[in-house]
1. Please compare each pair in B:Lys37/B:Lys64; A:Lys3/B:Lys5; A:Lys260/B:Lys13 to a cut-off of 24 Å on the Cα-Cα distance and tell me which ones are over it.
2. Classify the protein assembly as shown as rounded, prolate or oblate from the Cα gyration tensor: take a ≥ b ≥ c as the square roots of its eigenvalues, call it rounded if a/c is under 1.5, otherwise prolate when a/b beats b/c and oblate if not.
3. I'd like the distance separating the alpha-carbon centroids of the stretch A:240-277 and the stretch A:550-595, in whole Å.
4. Counting only helical runs of four or more DSSP H residues, what would the 222 nm mean residue ellipticity of chain B come to if each run contributes -39,500 (n - 2.57) and the total is spread over all its residues?
5. Chymotrypsin sites (Phe, Trp or Tyr not before Pro) within the stretch A:492-595: which are DSSP loop residues with at most 16 other Cβ atoms inside 10 Å?
6. Over the whole of A:133-139, what's the average partner chain Cβ count within 10 Å per residue? Rounded to a whole number, please.
7. Could you tell me which GluC sites (Glu not before Pro) in the stretch A:251-351 are loop residues by DSSP with no more than 14 other beta carbons within 10 angstrom of their beta carbon?
8. When ligands, DNA and RNA are left out and all protein chains stay put, how many square angstrom of accessible area per residue does chain B have with a 1.4 Å probe?
Amino acid sequence: MYKMQLLVCGGTGCQASASATIVEKLNESLKAHGLTEDAQVVTTGCFGFCEKGPIVKVIPDNTFYTQVTPEDAEEIVTEHILKGRKVNRLLYENPETKEHISDSKHMGFYQKQMRIALRNCGFIDPENIDEYIARDGYSALAQVITELTPEQAIDMLKQSGLRGRGGAGFPTGLKWEFTRKYTADQKYVVCNADEGDPGAFMDRSILEGDPNTVIEAMAICGYCVGATKGVVYIRAEYPLAIKRLEIAIEQANEYGLLGKNILGTDFSFDLELRYGAGAFVCGEETGLIASMEGGRGEPNFKPPFPAESGYNKKPTCVNNVETFANVPVIFLKGPEWFNTIGTEKSKGTKVFALAGKINNVGLIEVPMGITLREIIFEIGGGIKDGKKFKAVQTGGPSGGCLTEKHLDTPIDFDSLLAAGSMMGSGGMIVMDEDDCMVSIAKFYLEFIVEESCGKCTPCRVGNKRMLEILEKICQGKGDMDDLDHLRNFAYVIRDTALCGLGQTSPNPVLSTLDNFYDEYVAHVKDKKCEAKQCKALATYTIIPEACTGCTVCARNCPTDAITGERRQPHFINQDLCIRCGVCYTKCKFNAILVQ
Amino acid sequence: MTKIKSLDELRKKKQQLEQNLEIREKSDHPESLVQIKVAMATCGIASGARTVMNALVEKIRNDKIPAVVTQTGCMGYCYAEPTVEVKKPGHDPVVFSYVDVKKAEEIIDKYIKNNELLDGILPANYQTI
Ligand SMILES: Cc1cc2nc3c(=O)[nH]c(=O)nc-3n(C[C@H](O)[C@H](O)[C@H](O)COP(=O)(O)O)c2cc1C
Ligand code: FES
């Protein structure tokens, strides 16, 4: 019987910094000290605090070691496991008080979190189905298929109020009911694991940390909608998630929790994987289905919805990974329990990928209705380097920027929409005073132009034109008419594009126009970029008092715009300056002023 | 792996497998549990702390006591080792001295289960991290 367990993060982030070697070294060291009977090393999924990885958590005292290296393994064993002394230097340090925090439960990052979809991530070994079963795994499936009719199960899901986590927030129970309604010789359950939002990685983490929960939920869905086949559409760039899914599917098959006559019932369900090449548009469900069928990843007009005619023209229920991860718990704990969490119209929790100019970067799961302030300043630990908060972008390329005035809005599907953004898949990028909002809008539009499938004109041509206008503005060549053009384009694209990609693509532009109109005007009228991100709008001058006349700038200037005598202050000829910034980077005396 | 053929079999399987996850489950909500700490520095180990810890872990498992056993460094009572600190939810921590296997069992049966105090309690005048 083990008295202690060392949970080592085996998520993509921590594995990239040698967590597999840490496992090896810990095992060697335990063996060398004759402790293999006392302590066990377990590789788990992601803890969410990837920025401070690799993470090693010692159980039962919940000691949370951060940034562990393979060389630290021996010390952890000899000090902590053998002698009960914590290795202080590896503990998390509160960025403000500099105090070491040992128990993860006391870390600001975890205090406001509530883990439902991520309940097993960082807790069990994802490659061992037994650990999942020990956590009530597959009990929900067993109960549903032996004790409930599909209609009863769907009713429970409807009561729970669960809404899709893939972006649009469509009620999951209702989608299952629609799919059930259509009769066909074959129906399908599809798990959308395309995860196209460049800032999001919750679906990957769930599949890496707890693949069985998705498998179980898909089987429950199959029973409810009347499907015997399931497909996980996953991007090929997620090799670890694919590997863990494959292991889990194999183990579930061996136990008879997938396959023919599950648990002695009439219900059979098979699961397979289909790889995507990682296009944003393939996350849109009709594009995804086209790609699954071997066609180009181009969306189709809806209706018919996939629930009526989807994969191979058969009724297909498409749900997101995180949506599925909520399903088994809802059946175990009951819809009433789920109903108590969240806001009136958005129940449960949401996982966010917190990134940008924030102290604690990572994956967090919080109850719906939490405020942005709590997320950014409590869980996220505030803005990096004591800078000033400017905006937070939610919803990825389909979402928008929220500002100071939204900080205290309880967030859920509807409040984010009302504020001009959206939940999307849960990307959350925090920006500070050094970020230029015009450039941010441009960045997302570049992504959209790159990822548009080109099938419909508004999205293919319209977004390109919008991008050109933004580029013009950033170069200081824009005029006030351009701001109106931007809006007009945005409305037309929003209203006429074929699929969700185009319909939502103007959001980053519209929300920055709404919330940061003055910044656009400054770019256009005063030719100024307050955040100093738009190089073309900056003026470079030399501060004569600081200049030593070392000539480095003059020698490096590509247009010979800088003149001056050796040991005398130099001078920049603004007519020749192309604002490349080389002088600024080369000057050793901070004598170049950027305005 | 043999197939699981019914809901009952799944339940049985779960019961068998639960034990390995038990300490993880418990550490997930430590506030509600009795916290037992065994001093396991050189002095403690030399006087048999490891055997005491094993006995505590075993008994807690068998008697299904809602408690976690962890180890700490030297508590500063080297003369009185092995020492064991017990913190029941809502109570101040109590430190027992000269604990052997028999006393360990008594601590559980008397103090933890019935709140009876035993001999050999040390004044708690130290801090741990
Ligand atoms: C451009 C675009 C990209 C999308 N990308 C994803 C994605 O990566 N993952 C996902 O689950 N849903 C994505 N969706 C939403 C899906 O179309 C679909 O609504 C979702 O998978 C349904 O699952 P849910 O009801 O569980 O949310 C995307 C939608 C659009 C318009
Ligand atoms: S990958 Fe290790 S904490 Fe996320």
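1. Result: A:Lys3/B:Lys5 exceed 24 Å.
2. oblate
3. 64
4. -11000 deg cm²/dmol
5. On the way: sites: A:Phe516, A:Tyr517, A:Tyr520, A:Tyr540, A:Phe571, A:Tyr584, A:Phe589; in loops: A:Phe516, A:Phe589.
Passing both the DSSP loop test and the Cβ count: A:Phe589.
6. Numbers: counts 9, 12, 6, 4, 3, 5, 4.
The shielding value for this peptide is 6.
7. Of the GluC sites (Glu not before Pro), the ones in loops of the stretch A:251-351 whose Cβ has at most 14 other Cβ atoms within 10 Å are A:Glu293, A:Glu344.
8. Counting only protein heavy atoms, the per-residue value for chain B is 51 Å².
The values are calculated or read from the model by the stated rules, or taken from the named source; none is laboratory data. Computed from a predicted model, the values in this text were never measured in an experiment. All Cβ positions, glycine included, derive from the backbone under ideal geometry; neighbour counts span all protein chains shown. We work out accessible area using only protein heavy atoms, side chains counted, and drop any ligands, DNA or RNA first. Shrake-Rupley method; radii C 1.70, N 1.55, O 1.52, S 1.80 Å.
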